[in-house]
Amino acid sequence: MDALLERLRAGLPAEALITDPDVTASYAHDMASFCDAGTPAVVVLPRSVEEVQHVMRTATALRVPVVPQGARTGLSGAANASDGCIVLSLVKMDRILEISPVDRIAVVEPGVVNATLSRAVGELGLYYPPDPSSWEMCTIGGNIGTASGGLCCVKYGVTAEYVLGLEVVLADGRLLNTGRRTAKGVAGYDLTRLFVGSEGSLGIVVKAVLALRPRPPRQLVLAAGFPSAAAACDAVCRIMERGHTPSLLELMDRTTVRAVNAMASMGLPESTEALLLCAFDTPDPAADLAAVGELCKASGATEVVPADDVAESELLLQARRSALPALETVKSATMIDDVCVPRSRLGAMIEGTAAIAEKFGLTIGVCAHAGDGNTHPVVCFDHTDPDESRRARASFDEIMALGLELGGTITGEHGVGVLKKEWLARELGEVGLELQRGIKSAFDPLGLLNPGKLF
Ligand SMILES: Cc1cc2nc3c(=O)[nH]c(=O)nc-3n(C[C@H](O)[C@H](O)[C@H](O)COP(=O)(O)OP(=O)(O)OC[C@H]3O[C@@H](n4cnc5c(N)ncnc54)[C@H](O)[C@@H]3O)c2cc1C
């Protein structure tokens, strides 16, 4: 420990190092309950690429594990500390280095908060689409680490589609440049894409070139209430089948609607079994919403209410964004699944989840990026009750098994972390797992980067 601190101090200003155990303990874990976390030896908050290189050279020389962190809003334990590790928090590297309206790119450091970037590019008439519900807190480095999605993916896709190039500090401290700042480019293997979603296991992202789009018109939202989740899922299928491209298509079940109302007095209709939010950012959103409203009615919607204006639309979006925090208030703890299934199987996924909740005698609220088939069943439980905790974990696992059965994936956007490690092996299969482990050891032969995550 003394040798580690001495060596780190040689290349870092004093304020970049935290050693007070009470403070370092607060960096031990992200926002996933129920995930193991170790005790870090030290927390380092670098402000430059050179400082990150110094940390990695030190870690390699002394064989100390390193856990990169952004804002720790992750939901799978992917940023959790391991015992004796260096926590490398990138939050102080938070400069937007360039915004180019001609090239339609932004060049940023990893600690830039998602919403800060969105506002900065918005002022220039540009748009950075990836928008996790945690966008006011989470960082671009964390978004890249988890390949995060959000509310806009049904039209605009996930983070992976916007990362053009990266600067990465490798495990031994070397600096790697991948990708491009051009509109096109196919030189060599796509290492940039490999880093997106790698959960800090291959290198430390210190700079990112991100693609931007022209800012679309502000979106208008429609809320539709259904007598069952199956009817709402039927409406989702109709909307997509008819060729509509909404900018948002989200679902909240009754448990979620009630939790949101209880937490934030949003006045959402509690009598419906499922609430669908659909939005368009097209030149004539009212006309598009009217067409979608008819499709909702054909699927059995009992209430179809288009927002009057952008302000009302924003309130509905706020309600959706507060779904996870609201469900966290139902019981003392939650486990949040992230199963993504083909859209056509969404109804089966939600019905199956309800059956699992009944089987285990638990409350499982479901909110979903319905347009992507990406469900977030939130298992609510009392963590002080061992039996309820055991049932919670068992139901969490059954939900993933159901997702795989329906042709889906165990994680649409939250990542594997420590929470879904066993399930990654099942999804990838033996050959896939072996190759992925080989890739990990090519980048990180000593296994120092974020050990114990993914595999
Ligand atoms: C209320 C709430 C709502 C959410 N909604 C969504 C949502 O809609 N969609 C969604 O996808 N997620 C959502 N999340 C999950 C979370 O916000 C995202 O996963 C986010 O991308 C994490 O960013 P972060 O900065 O907090 O990263 P962290 O949690 O700190 O880290 C995430 C991963 O990235 C790695 N990492 C971080 N920085 C770097 C770096 N510079 N280099 C290499 N690796 C790095 C970490 O090691 C870790 O593996 C939500 C979370 C909360 C609490």
Env charge @ L90, Cβ radius under 15 Å, K,R +1 / D,E -1, value -2
With Cα atoms, 0 to 90° folded angle of helix 421-443 axis to the chain main axis: 30
Longest principal axis of the chain (C-alpha) makes with the long axis of helix 49-62 (C-alpha) an angle, in degrees to the nearest 10, of 70
Where does each of 150-156, 245-251, 421-427, 10-16 land if you order them by average Cβ count within 10 Å, highest first? 245-251, 150-156, 421-427, 10-16
Compare the peptides 195-202, 172-179, 51-58 by average per-residue count of other Cβ atoms within 10 angstrom and give them in order, highest first. 195-202, 51-58, 172-179
For the chain, with every protein chain kept in place, what is the accessible area per residue (1.4 Å probe, Å²)? 41
So who's got an amide H within less than 5 Å of the one on V163, skipping anything under 5 residues away but keeping other chains? H placed 1.01 Å off N, in plane. A211
Around L251 (Cβ within 12 Å, Cβ-to-Cβ, excluding L251; K/R +1, D/E -1) the net charge comes to -2
Under 15 Å Cα to Cα from K92, which aspartates and glutamates show up? Leave out anything in the same chain fewer than 8 places away. E15, E50, E51, E109
Could you work out the per residue convex hull volume over the alpha carbons of the chain, in cubic angstrom? 144
Any lysines whose Cα falls less than 20 Å from that of K421, other than same-chain ones fewer than 8 residues away, would be K440, K453
Cut-off under 15 Å on the C-alpha distance; same-chain residues fewer than 8 positions from K184 excluded. Which aspartates and glutamates are left, in chain and number order? D103, E161
Which order do you get for L191, L222 if you rank them by accessible area with a 1.4 Å probe, largest at the top? L191, L222
Amide H proximity to S82 below 5 Å, modelled H, separation 5+ or other chain, gives G38
Could you give me the ³J(HN,Hα) list for the stretch 104-119, computed from phi with Karplus coefficients 6.51, -1.76, 1.60 and θ = phi - 60°, whole Hz, x at Gly and Pro? 6, 9, 10, 10, 9, 7, x, x, 5, 6, 3, 5, 5, 5, 4, 5
Measure nothing fancy, just the Cα-based angle from helix 229-241's long axis to the longest principal axis of the chain, in degrees from 0 to 90, nearest 10. 80
What distance in nm separates the simple spin-label points at R9 and N261, each placed 7 Å from Cα in the Cβ direction? 5.9
What does the accessible area of S33 come to, in Å² to the nearest 10, when a probe of 1.4 Å is used? 40
Taking the Cα centre of the chain as origin, sum charge times position over the Cβ atoms of Lys and Arg (+1) and Asp and Glu (-1), and report the length of that vector in debye to the nearest 20. 1080
With a 1.4 Å probe and every protein chain kept in, tell me what percent of the accessible surface of the chain is carbon plus sulfur. 53
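The values are calculated or read from the model by the stated rules, or taken from the named source; none is laboratory data. Just so it is clear, the structure is predicted and the values come from calculations on it, not from any experiment. Positions of Cβ are generated from backbone atoms using ideal geometry, with glycine treated the same way; all protein chains shown enter the neighbour counts. Keep in mind that these areas ignore ligands, DNA and RNA; they rest on the heavy atoms of the full protein, side chains included. Shrake-Rupley method; radii C 1.70, N 1.55, O 1.52, S 1.80 Å.
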